[in-house]
Amino acid sequence: AQSVTQLDSQVPVFEEAPVELRCNYSSSVSVYLFWYVQYPNQGLQLLLKYLSGSTLVKGINGFEAEFNKSQTSFHLRKPSVHISDTAEYFCAVVGANNLFFGTGTRLTVIP
Amino acid sequence: DAGVIQSPRHEVTEMGQEVTLRCKPISGHNSLFWYRQTMMRGLELLIYFNNNVPIDDSGMPEDRFSAKMPNASFSTLKIQPSEPRDSAVYFCASSLIQGASNIQYFGAGTRLSVL
């Protein structure tokens, strides 16, 4: 069965500091992973995806994630955050014709 | 493309009333998903369709909830009768499933308040 665990429900970080949002997955089939971002009062937007190939995936807005098969992780990182990065971030893994979402991590960037 | 379009954006209704949420997926997509998001339960998948056919409705909370997809360009989620605990943001998403790729594109959501 497929599932994801987001270990941190809330992450506060100061502006221009680096951030890492953690995601661990469980999958009994080939692994395809996503990060989505949800800004206040909006729907979810695709941030980046891992389907195959390089384990380091770059997404929009300067975010990147690294697929680590041995640790079953897909952590999201950004070297320097901006106020505009304040949002909720969801990790997801592909199941059979569906996505399984984590419970989300609320990133708050402090000026 | 305009993306996934949901209407209305906001709905306020009284307990016991029927509520209908609408979704227009991205043209050419073959799958459509309905989600519910609340503070307490997070993001929950209610039902999804593939080629207009409901595939998995195990997330639909009760018989009061029903969803239809009469054609590839339109879907509805209906709650009858509505209850205060149905208050949530309801999202529709569509996807073109090809092989393992299942990138879902979300609408802006419908914020439902049942008084």
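By the Kirkwood approach, averaging reciprocal distances over each pair of separate Cα atoms, chain B gets a hydrodynamic radius of 14.1 Å.
Starting at 0 and stepping by 10 Å, how many percent of the alpha carbon pairs of the stretch A:41-97 end up in each bin? Values per bin, smallest distances first: 19, 53, 25, 3. A simple count of charges around B:PHE74, restricted to other residues whose Cβ falls under 10 Å of its Cβ and scoring Lys, Arg +1 and Asp, Glu -1, yields +3.
When Rg and the Kirkwood radius Rh are both evaluated on Cα atoms of chain A, their ratio Rg/Rh stands at 0.95. What the Cβ-Cβ distance of B:SER7 and A:ILE83 gives, at R0 = 41 Å and to the nearest 0.05, is a FRET efficiency of 0.85.
Only alpha carbons enter this Debye calculation for the protein assembly as shown, each as an equal point scatterer, and the log10 of I(q)/I(0) it gives at q = 0.12, 0.13, 0.16, 0.17 Å⁻¹ is -0.66, -0.77, -1.12, -1.23. Among the residues of A:31-40, the average count of other protein chain beta-carbon atoms within 10 Å of the residue beta-carbon is 2. Taking the centroid of alpha carbons for each part, the stretch B:26-65 and the stretch A:44-61 are 24 Å apart.
Sequence-distant contacts, meaning Cα pairs under 8 Å at least 6 residues apart, place the relative contact order of chain B at 37 percent. Count charges around A:VAL81 for me, please; just the other residues with Cβ under 11 Å from its Cβ, Lys/Arg as +1, Asp/Glu as -1. Result for the local shell: -2. Ranked by how many other Cβ atoms sit within 10 Å of their own Cβ, fewest first, the residues B:ASP56, B:ASP63, B:ASP86 fall in the order B:ASP63, B:ASP56, B:ASP86. Of B:ASN52, B:ASN30, B:ASN71, the residue with the greatest mean-square motion in the GNM of chain B, using alpha carbon springs below 10 Å, is B:ASN71.
Bear in mind these aren't lab numbers, they're just calculated from the coordinates by the rules spelled out. As the structure is a computational prediction, the values presented were derived from the model and not from experiment. Glycine gets a Cβ as well: all are built from the backbone with ideal geometry, and neighbour counts include every protein chain shown.
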